[in-house]
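One structure below.
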Amino acid sequence: MFFILSKLLDFVLSPTLWLMGLLLLAILLRHTRWSKWLLASAAGLGLVLTNGALVNEALLAWEMPPVRLQALGRHDAGILLTGITKGHKSPHDRVYVEQGADRLLHTLWLYRAGYIRKIIVSGGSGALGGTKHRTEAQELSTLLRLAGVPQGDILLETRSRNTRENALNTKDLLAQHPEIKSIVLVTSAFHERRALGCFRKVGLQPAVFPASFYSTDRELSLAYWLLPSDEAPRLWGVLVHEMVGYAAYWVRGYLE
């Protein structure tokens with residue numbers, strides 16, 4: 001039930017939906033004293049939602065900062081969390097990767113540069129009803145193999161549907177590989193905070209290597225602060241969804 005509710009929240013937690021709701025209410029209540037208040041609220045929310053600097057500052061505060069390669073050190077394995085492929089796109093003779101592809105590319109970078117010796121890919125299907133074809137872990141494993149990573153250096157965990165299950169199932173997998181003593185958790189920077197909390201809760205203590213940053217470096221120009229952005233509403237949606245997800249996990253006791 002928690003899994004199903006988390007998916008329904010994806011729709012409810014859209015700031016753009018909130019804006020449309022305010023405008024619709026203003027129309028429906030246009031002959032009442034609430035109309036002007038609703039229109040003013042919609043205008044204010046619209047200004048916030050389209051300001052690229054504001055959402056970037058919020059992302060900079062929420063995302064875990066990048067880790068320099070020299071500061072990471074050497075580890076036995078990197079844990080690559082899935083959630084970056086499209087499972088419902090045809091033809092199914094290839095793998096479709098979304099914006100979070102840096103998770104995969106940076107894990108491959110760590111492997112090729114010798115910072116990790118093995119790659120654990122954790123993730124089944126995060127879709128309601130599962131996937132009709134391959135799990136996400138299997139799809140990313142295919143890409144790693146095409147990039148030259150030997151099959152023996154790839155471990156798959158294919159049952160997880162969410163971050164909590166990533167942690168639990170990865171712990172079970174690691175119990176079968178006592179030679180893996182130090183691990184690095186690779187996921188999107190906005191998601192790293194929740195993922196790390198989940199892994200620590202089950203007794204694992206991974207180093208972190210955030211990837212796929214939504215934020216950019218802060219600028220001092222007027223354009224950065226004043227020009228509206230058509231990408232900003234989507235980024236607000238990503239951030240709000242993750243923050244609510246973090247709060248829900250905290251309430252349920254999934255985080256340390």
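The values are calculated or read from the model by the stated rules, or taken from the named source; none is laboratory data. For clarity, every value in this text was computed on a predicted model and none was experimentally measured. Using ideal geometry, Cβ is built from the backbone for each residue, glycine included, and neighbour counts are taken over all protein chains shown.
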Mind telling me which of the residues Ser182, Ser160 ends up being hydroxyl-bearing (Ser, Thr, Tyr) and either touching a His at 6+ places or on another chain (Cβ under 9 Å) or on the phi > 0 side of the Ramachandran plot (or both)?
Ser182
Residues in the stretch 168-212 that are within 17 Å of the chain's Cα centre (by Cα) and over 26 Å from Ala58 (Cβ atoms) total 1
Go through the stretch 154-164 and give me each residue that's in contact with a Ser or Thr (Cβ under 9 Å, 6 or more places away or on another chain), over 14 Å from Ile119 (Cα atoms) and crowded, with 19+ Cβ neighbours inside 10 Å.
Ser160, Asn162, Thr163
Tell me yes or no: at least one residue of the stretch 174-184 is closer than 20 Å to Val67 by Cα and surrounded by 18 or more Cβ atoms within 10 Å (Cβ to Cβ).
yes
Among the residues of the stretch 244-253, are any over 20 Å from the mean Cα position of the chain (by Cα), part of a loop (DSSP other than H, G, I, E, B) and either touching a residue at least 60 places away in the same chain (Cβ under 8 Å) or farther than 21 Å from Asn162 by Cα (or both)?
no
What are the residues in the stretch 88-107 that are more than 22 Å from Phe190 (Cα to Cα) and surrounded by 13 or more Cβ atoms within 10 Å (Cβ to Cβ), if any?
His92, Val95
Does Leu185 fit the bill of being among the hydrophobic types (A, V, I, L, M, F, W, C), part of a helix (DSSP H, G or I), closer than 30 Å to Leu235 by Cα and touching a strand residue (DSSP E or B) at 6+ places or on another chain (Cβ under 8 Å)?
no
Considering only helices (runs of 4 or more DSSP H) fully contained in the stretch 1-50, which possess at least 2 residues that are within 30 Å of Arg252 (Cβ to Cβ), at pLDDT below 85 and not acidic (Asp, Glu)?
2-12, 15-28
Filtering the stretch 57-112 down to residues that are touching a Leu at 6+ places or on another chain (Cβ under 9 Å) and of a type in the set (S, T, N, Q), which residue is farthest from Thr158 (Cα to Cα)?
Thr107
For the stretch 144-193, give me each residue that is closer than 23 Å to Tyr214 by Cα and either out of contact with any helix residue (DSSP H, G or I) (no Cβ under 9 Å at 6 or more places or on another chain) or not assigned by TED's automatic domain parsing to the domain that holds Val121 (or both).
Glu192
Conditions (1) farther than 22 Å from Ile84 by Cβ; (2) touching a residue at least 60 places away in the same chain (Cβ under 8 Å); (3) of a type in the set (Lys, Arg); (4) in contact with a Gly (Cβ under 9 Å, 6 or more places away or on another chain) -> Arg194 fails only (1)
Which one of these is under 26 Å from Val240 (Cα atoms), buried (at least 20 other Cβ atoms within 10 Å of the Cβ) and either at pLDDT 95 or above or not β-branched (Val, Ile, Thr) (or both): Leu80, Leu110?
Leu80
